[in-house]
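The structure appears right after this line, and notes come after that.
The values are calculated or read from the model by the stated rules, or taken from the named source; none is laboratory data. Bear in mind the structure is a predicted one, so any value in this text is a computation, not a measurement. Note that each Cβ is placed from the backbone with ideal geometry, even for glycine, and that neighbours are counted across all protein chains shown. These area figures cover heavy atoms from the full protein model, side chains too; ligands, DNA and RNA do not enter into them. Shrake-Rupley method; radii C 1.70, N 1.55, O 1.52, S 1.80 Å.
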Amino acid sequence: MKKFLTDYVDPGRVPKRRLYSGAEMPAIGLGTFGSDHVSAAEIAEAVKGAVEVGYRHFDCASVYRNEDAIGAVLEGILPREELWITSKLWNDKHGEDDVIPSCRQSLADLRLDYLDMYLVHWPFPNFHPPGCGVDQRSPDAQPYIHENFMRTWRQMERLVDLGLTRHIGTSNMTIAKLKLLLRDARIKPAVNEMELHPHFQQPELFEFVRANGIEPIGYSPIGSPNRPERDRTPDDTVDIEDPVIAGIAERHGIHPAVVCVKWAVQRGQTPIPLSTKRRNYLANLQGTVE
C-alpha cells in the first residue's frame, strides 16, 4: 500500500465547496452514522481522531443518537469558526412547533451556539422504529404533501433568522420535490444530501442540484458494504470490489475506498465517509489532496 509522508493533512489544502452564500464548506467530511455496529463512544473517538489528522467537516444527526458524545469531544477542541458542523431534523419533528426545539436540542447536545448547516433529513414526516427493515411499512405513513413540507421549511428559514444555523438544506429529495421547494422557498436549500457513489451516481439529480446552485453531499461514498443484513437487497453491489476500481487502487497503491472518495471530490460532490479506524479516515483525507 502507498505510504503517505505524514499522518496530518493541513486543512488549508483540503478542497472547498463555495455555497451560494459565499461560505466555503470543506469538500470532504466525516460521517457519524454508526448504524447498529458502532457505539456513540466509538464515533466520538473517531471524531476526535479525525480533528487531529485534519478533518474540519462533520456530518451529524439527532437520529444517530450520538450528538451528545460528539459534543463532548468537540467542545473547545478548536476555535468554532474552524469547524463545519451539520445536523439534521428527524422525521417525527416536522411539526411547526417541533423544528426549532429539535435544532436547539442538537445544539445543546453538540455544545454549540450555532450550526453551519441544518438539513431536513427526509421529506416525509414518517416514523421508522430502530432496527426496522427495508420492507417494513408504517400504517401511519404519509405521502409527500408539499404544503405540509413548506410549513416545516418556513420554520427552517426561521432558524437562519434566529442565528441558530448559518445555512439550511435538504436530504433525500427528488427533482420534483426540489422544483417545488425552489419555487416557494424564501431561503433556498444550500445543499442536498443524497446517496452517491460509483455504483449509484444519480446523474439527473446530481446535475439538477448543481445547475440550481445547490451543492450535492454524498453519503455512502464507497457504497454500504457493511450495511445490516436487514437493509440488503439481492441487487446490491460492492463498489470497492469493482474490478475497475480495484485496478486503479492497485496501480496507485491505495485502498479502493480511497479511489471512491477521490472520484467523488473530483466529480464535484462532497463525500462524507465514516470510518472509526484512524488509518482509514486519514487515507480518505489524504486522498483528496494527493
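For TYR64, TYR20, give the ranking by accessible area with the largest first, probe 1.4 Å.
Descending accessible area places them as TYR20, TYR64.
Under the Karplus relation 6.51 cos²θ - 1.76 cosθ + 1.60, θ = phi - 60°, what is the ordered set of whole-Hz ³J(HN,Hα) values for the range 180-194, x standing for Gly and Pro?
5, 5, 5, 5, 10, 6, 7, 10, 7, x, 7, 9, 10, 8, 7
Considering only the other residues whose Cβ falls under 11 Å of the Cβ of PRO256, what net charge follows from Lys and Arg at +1 and Asp and Glu at -1? Don't jump to the answer; show the numbers that get you there.
Values: positive: LYS262; negative: ASP239, GLU241, ASP242, GLU250.
So the surrounding residues net to -3.
Based solely on its DSSP helices, what 222 nm [θ] is calculated for the chain when runs of n ≥ 4 H residues each add -39,500 (n - 2.57) and the sum is averaged over all residues, nearest 500 deg cm²/dmol?
Numbers: 9 runs with 103 residues, N = 290.
Computed ellipticity for the chain at 222 nm equals -11000 deg cm²/dmol.
I'm spelling it out carefully: the read-out is percent of Cα pairs over 25 Å apart, the candidates are (i) 42; (ii) 59; (iii) 46, and one was derived from this structure. Which label?
Looking at percent of Cα pairs over 25 Å apart for this model, the match is (iii).
Keeping all protein chains in place, calculate the accessible area per residue for the chain (probe 1.4 angstrom), answer in Å².
Roughly 48 Å² per residue, with all protein chains present.
For the chain, with the dipole built from +1 on Lys and Arg beta-carbon atoms and -1 on Asp and Glu ones, taken about the Cα centre, which of THR276, GLN202, GLN266 lies farthest toward the positive end?
So the residue we want is GLN266.
Please report, in debye to the nearest 20, how large the charge dipole of the range 90-249 is about its Cα centre when each Lys and Arg carries +1 at its beta carbon and each Asp and Glu carries -1 there.
580
Place a label point 7 angstrom from the Cα of ALA211 along the Cα-to-Cβ direction, then list the residues of the range 143-178 whose backbone nitrogen is under 19 Å away.
173-178
Averaging sequence separations of C-alpha pairs under 8 Å and six or more residues apart, then dividing by the length of the chain, give the relative contact order as a whole percent.
RCO, the chain: 21 percent.
Charges at C-beta only: +1 for Lys and Arg, -1 for Asp and Glu. How large is the resulting dipole of the chain about its Cα centre, in Debye rounded to 20?
680
On a 0 to 90 degree scale, rounded to 10, what angle separates helix 99-110 from the longest Cα axis of the chain?
On a 0 to 90 degree scale, this one is about 30.
Of LYS16/LYS177; LYS88/LYS177; LYS93/LYS262; LYS93/LYS277; LYS16/LYS48, which pairs sit farther than 24 Å apart, going by alpha carbon to alpha carbon?
Violating the 24 Å limit, Cα to Cα: LYS16/LYS177; LYS93/LYS262; LYS93/LYS277.
For a quick protection proxy, order the peptides 203-215, 40-52 by their average other-Cβ count within 10 Å, most packed first. It would help to have the intermediate numbers written out before the result.
Details: 203-215: 15.5, 40-52: 19.0.
Top to bottom by mean Cβ count within 10 Å: 40-52, 203-215.
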